[in-house]
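Student: Please see the structure below; I have some questions.
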Amino acid sequence: MAARSTQRSKIRRMPLIDPILLKARLGALAGRFDVDALDECDSTSSELMRRADRGAPAGTVIVADRQSAGRGRRGRSWLSSPERSLTFSLLWRFPGNASRLSGLSLAVGLGLAKALEKLGAVGVRLKWPNDVLLQSGSDFAKLAGILIELSSDRRGTQAIIGIGLNLETPDSDLPQPVAGLKQCCAQADRHEVLAAILVSLVGVLDIFAAEGFVRLRDEWLGYHAWQDQLVQVLGDGAEPLPGRCLGVDGDGSLLLETARGVEHIFSGDVSLRPVGRAQG
């Protein structure tokens, strides 16, 4: 694992993420990652995409203390600041075309949930297709988001896996309930958290590459926030589609029991809401 740190000024001793300290926490898996810690960039995914175009190897990670143009799902922004969040992107490559990667965002969510639980977090749940929630009683708040961007060529498909995790609860005005890892986990040191996530992702992504999401489906369902609940699926410009959420299929599609029967929802551009509850 190459260790590099980009410093803005000599006044600051080091970035809050130090690749040398991270390497020690990754242990035997350190060689599978090449981590670059930046003080600031426009977007970790944009920066990683530029490096991928120049031939960066699989396992390259860009982690930034601040990003000025971070991207979330459906065009939303995801801003980050030191100590309050952990924002990074991981480059992974798969054989074959993108059609083989159905369910990848769910697999990544599973890896993230397992890592947070291993750190001691309680109440971590998953929302289809790419959100990590924190449950407290009957309430849910967004803890982390995942955005995956795919591109294919004759060599296979590369995935830019962007992850934004709240360490502390954001204090900005947001359209949905949000939470921070420190609410449910005493261990919120950024090096420990990032190392745990990367180690967990290796295990999940290796299984996914060999056997697809179907191999991870049952484990994902164990974290599913809306399992067997009445929900409505919302799409841009479409009428809400109500039904009972039956979980997900082996291809990662959402299974929704409606008046017309069981429907498979494939689009990543839908939001899921329990009937009568604000978006979570």
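The values are calculated or read from the model by the stated rules, or taken from the named source; none is laboratory data. Worth saying up front: this structure is predicted, and the values here are computed from it rather than measured. Backbone-built Cβ (ideal geometry, glycine too); neighbour counts: all protein chains shown.
Student: Taking the criterion of being assigned to a strand (DSSP E or B), under 27 Å from Val35 (Cβ atoms), among the acidic types (Asp, Glu) and at pLDDT below 95, would at least one residue in segment 178-191 satisfy it?
Tutor: For segment 178-191, residues assigned to a strand (DSSP E or B), under 27 Å from Val35 (Cβ atoms), among the acidic types (Asp, Glu) and at pLDDT below 95: absent.
Student: Hey, does segment 177-192 have a residue that's among the acidic types (Asp, Glu), surrounded by fewer than 20 Cβ atoms within 10 Å (Cβ to Cβ) and closer than 18 Å to Gly111 by Cβ?
Tutor: Within segment 177-192, one or more residues are among the acidic types (Asp, Glu), surrounded by fewer than 20 Cβ atoms within 10 Å (Cβ to Cβ) and closer than 18 Å to Gly111 by Cβ.
Student: To continue, here is another question. Which condition number does Asp65 fail, the rest of (1) in a helix (DSSP H, G or I); (2) within 16 Å of Ile163 (Cβ to Cβ); (3) at pLDDT below 95 being met?
Tutor: Tallying (1) in a helix (DSSP H, G or I); (2) within 16 Å of Ile163 (Cβ to Cβ); (3) at pLDDT below 95, Asp65 fails exactly one: (1).
Student: If you go through segment 135-176, how many residues are at pLDDT below 90 and surrounded by 23 or more Cβ atoms within 10 Å (Cβ to Cβ)?
Tutor: The total comes to 0.
Student: Another question about this same structure. Return the residues of segment 162-177 that are under 10 Å from Leu134 (Cβ atoms) and in a loop (DSSP other than H, G, I, E, B); say none if nothing qualifies. It would help to see each step written out before you state the result.
Tutor: Our first condition is that a residue be under 10 Å from Leu134 (Cβ atoms); within segment 162-177, this holds for 166, 169, 177.
Correct list: Thr169, Pro177.
Student: Let me ask something else about it. Test Leu165 against the stated conditions and say whether it is closer than 18 Å to Ser45 by Cβ and either touching a Phe, Trp or Tyr at 6+ places or on another chain (Cβ under 8 Å) or aromatic (Phe, Trp, Tyr) (or both).
Tutor: no
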